[in-house]
Number of protein chains: 2
Amino acid sequence: MSSRATTHFDAGELPMMKIYDFPTGPYPTRVRIALAEKNLQSCAQFEMVDLYKGEHKKPEFIANKNYSGTLPVLELNDGTCIAECTAITEYLDGLDGIPTLTGRTPREKGMIHMMSKRAELELLDAISVYFHHGTPGLGPDVELYQNPEWGFRQRDKALRGMHYFDTVLKAQPFVAGDTFSMADITVIGGLVFSGIVNLSVPAECKALLAWYARMQERPSVKDQPAILWLNGQALPS
Amino acid sequence: MSSRATTHFDAGELPMMKIYDFPTGPYPTRVRIALAEKNLQSCAQFEMVDLYKGEHKKPEFIANKNYSGTLPVLELNDGTCIAECTAITEYLDGLDGIPTLTGRTPREKGMIHMMSKRAELELLDAISVYFHHGTPGLGPDVELYQNPEWGFRQRDKALRGMHYFDTVLKAQPFVAGDTFSMADITVIGGLVFSGIVNLSVPAECKALLAWYARMQERPSVKDQPAILWLNGQALPS
């Protein structure tokens, strides 16, 4: 059910793109997976922005790369910057004219965008808020304001979200239906972040755990720095 | 610059869609504008879900329509529900094969999705959090938990967001570039919500105010219940 036509597309024809990145970050991992799914890694040059040094909150980065002060950001060779994982995925997915990640029909697009947004709201973004507000996060030099009560509520929301996605994955093989999509990538980002903050997926969420095990076998996922690191393996140099 | 080909598409061929709606709500207004831009109003049957009675938080609504308990939701005639404004807009925009709102090229798609998400993060969603946490919101029967400090911070974020979009609109006629798009609709949603919570756009944001005045002259925008209501005009019966 996950089979699909191989992309017949010469990535070598594309100009190089720059990606402002933090290799083990959950959001950067989403774009890294999208690049690998589209066989576009050879067109991407990664530039490290150190989250723990707050480099993404520096005025130059905010003025020139991303007003919202987040990673990842894709910079085209004319200097145009595209921030936000969904936007970057839409860009990358359209390059070969075969949108395998974001959907081909109106219905596919609607379902994928809904489930990806829901994975942000109910899982990934909720864990991010917990990390930044309910834990030491990126440390006192970067976390200049914390609202722990809000952080803990978002943690609890994410735990409910895990049960929701477990129910979804009991009924269908992928988050948005019968095929792998951007929505799966977003849930993977959520579970990467849950690993970072030690918020375990409850053992009773068997369908979610089985899906995540399958996802970690995908070529686009298994060698990602965040996955290797969480599994206790050495990062590629 | 906002001119574009008329959609040659017979909306009468489409099955009816149901939209769970609250007519003056900022998020429902986004989908109402998208429907009007696509000339699809005649295919949509609206069903009122009373936010002030908390009908969107009822277990049946959450179980059957939208896990996240928000409006609007689009229901197809086979019962499939698509929630989230961006997802609904992707669905509607693709029906005629002429995606005027969400972009045609990878670059357009990337820029529109980035700017629309940024309008959510920095304006519309921030004002929504302020409404639900820093004001009485939907009233004590619906707002079962409030975090006023978080609400006030989001209000301040939205004020900064207004200055950001003012800067954007000094340099280009529409939020994502040279043509009207989903990103403009999202900022309109933000300014509708700012009107509801009496968070005025600062007078020095002249480009944003001029753009909003232009937007309120668009046929898809000017007769929306939220716009009529905020301008002190009678709602259509």
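Along its three principal directions, the equivalent ellipsoid of the stretch A:31-161 from the Cα gyration tensor extends over semi-axes of 28, 22, 11 Å, largest first. Working from Cα pairs under 8 Å separated by at least six residues, relative contact order for the stretch B:70-119 is 19 percent.
Could you tell me the total accessible area buried at the B-A interface, probe 1.4 Å, in square angstrom to the nearest hundred? Don't skip to the answer; put the middle values down first.
Values: alone 11760 and 11730 Å², together 20050 Å².
For B against A, buried area totals roughly 3400 Å².
Buried on complex formation within the stretch A:114-136 (loss of at least 40 square angstrom of accessible surface versus the isolated chain, 1.4 Å probe, ligands and nucleic acids ignored): A:114, A:117, A:118, A:122.
Taking only the C-alpha atoms of the stretch B:153-220, Rg followed by Dmax gives 11.3, 35 Å. Distances between every pair of Cα atoms in the protein assembly as shown, grouped in 20 Å steps from 0 to the bin holding the largest one, split as 24, 61, 15, 0 percent.
Ordered by solvent-accessible area of protein heavy atoms (1.4 Å probe), largest first, the residues A:47, B:13, A:149 come out as B:13, A:149, A:47. Looking at the protein assembly as shown, the accessible area is 42 square angstrom per residue; that uses a 1.4 Å probe and ignores ligands, DNA and RNA.
If you wrap the Cα atoms of chain A in a convex hull and average its projected area over all directions, you get 13.0 nm².
Counting only residues 5 or more places away or on other chains, whose amide H sits under 5 Å from the amide H of residue A:73 once H atoms are built in the peptide plane? The answer is A:20.
Return the Rg/Rh value of the stretch B:9-55, two decimal places, where both radii are evaluated on C-alpha atoms and Rh is the Kirkwood radius.
Expressed as Rg/Rh, it is 1.03.
Near the amide H of residue B:17, within less than 5 Å, lie the amide hydrogens of B:44, B:45, all on another chain or at least 5 residues away, with H placed in the peptide plane. Close amide H contacts of residue A:216 (hydrogens built in the peptide plane, cut-off under 5 Å, sequence separation of 5 or more or a different chain): none are found. Pop out the carbon and sulfur fraction of the accessible area of the protein assembly as shown as a percent, whole number, probe 1.4 Å. Percent of accessible area from carbon and sulfur atoms in the protein assembly as shown: 53.
Among beta bridges identified by DSSP and lying wholly in chain B, the antiparallel ones come to about 60 percent. Rounded to the nearest 10 Å², what accessible area does residue B:163 have for a 1.4 Å probe in the complete protein model? Residue B:163 has an accessible surface of roughly 80 Å² with all protein chains in place. A viscosity of 1.002 mPa s and a temperature of 20 °C, combined with the Kirkwood radius over Cα pairs in Stokes-Einstein, give a translational diffusion coefficient for the stretch B:3-94 of 158 µm²/s.
Separation of the stretch B:107-165 and the stretch A:12-88, taken as the distance between their Cα centroids, equals 25 angstrom. Restricting attention to the stretch A:3-94, close to 55% of DSSP beta bridges with both partner residues there are antiparallel.
Computed from backbone phi, the HN-Hα couplings of the stretch B:88-104 come to 5, 5, 4, 4, 4, 5, x, 4, 9, x, 10, x, 6, 9, 10, x, 9 Hz, rounded to whole numbers (Karplus: 6.51 cos²θ - 1.76 cosθ + 1.60, θ = phi - 60°; Gly and Pro given as x). Derived scalar couplings between HN and Hα for the stretch B:204-214 equal 6, 7, 5, 5, 5, 5, 5, 4, 5, 4, 4 Hz in order, rounded to whole Hz, by the Karplus curve 6.51 cos²θ - 1.76 cosθ + 1.60 (θ = phi - 60°), x for Gly and Pro.
The values are calculated or read from the model by the stated rules, or taken from the named source; none is laboratory data. Everything quoted here is computed from the prediction, not taken from an experiment. Surface areas here come from the heavy atoms of the whole protein model, side chains and all, with no ligands, DNA or RNA. Shrake-Rupley method; radii C 1.70, N 1.55, O 1.52, S 1.80 Å.
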